[in-house]
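First comes the structure, then the notes that go with it.
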């Protein structure tokens, strides 16, 4: 019951257990407490996705090392490449028998910004890019201001199918798309019905 009260239901298949929004208290988290909370959530839902902050603490490291799948999201610049490389190296040394992390390059093709290319990023990390999410401030800004997911705001946005594909990859599922009927099959049926 406590978990149900703490979760914010966004849709039929998505609930969010959000971080505290008040800054009156400090939220230094104990690694064991984080693991306990994640274990409780795992017992009640089929998939748990953690959006870890861009800080390096013992609880972030612990949760990262225990994750079944890891997605590293990075902007195509040197600082992000360095941070991604550190995480990849940590995962390779601590989880030698696991799959490599997924790499998502975010805000690529930003006008007037020098970028590290996809191939260079892949080569430096020895990880293939799972998705390349292009710079789209209008869509992402509007979704953030409205508190909506990209696909909910604009299913035809360039990022929508990329985000859907990432989710399907992580869940080890494939999207079932309705079969398109060919014109030839239609004509054959039409011809058959005339006989």
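The slack in the chain from residue 106 to residue 123, taken as 0.36 nm per residue of separation less the alpha-carbon distance, amounts to 4.4 nm.
Modelled this way, with points 7 Å down the Cα-to-C-beta line, the labels at residue 55 and residue 15 are 2.7 nm from one another.
Please say if the range 38-84 is rounded, prolate or oblate, where rounded means a/c under 1.5 for a ≥ b ≥ c the square roots of the C-alpha gyration tensor eigenvalues, and otherwise the choice is prolate for a/b larger than b/c and oblate otherwise? Prolate is the answer for the range 38-84, as a/c is 1.5 or above and a/b outweighs b/c. Sorted from longest to shortest, the spans of the Cα atoms of the range 68-130 along the three principal axes equal 40, 17, 15 Å. When a/c is below 1.5 the answer is rounded, else prolate if a/b is larger than b/c, else oblate, so apply that to the range 1-105 with a ≥ b ≥ c taken from the square roots of the Cα gyration tensor eigenvalues. Prolate, because a/c is 1.5 or more and a/b exceeds b/c.
Spacing of the modelled spin labels on residue 65 and residue 93, each 7 Å from Cα toward Cβ, amounts to 1.1 nm. Note on residue 5 and residue 167: with the Förster distance fixed at 30 Å, the Cβ-Cβ geometry gives a FRET efficiency of about 0.70.
A short reminder: the numbers here are calculations on the coordinates, not readings from a lab. None of the values given here were measured: they were computed from a predicted structure. Neighbour counts run over all protein chains shown; Cβ positions are idealised from the backbone, glycine included.
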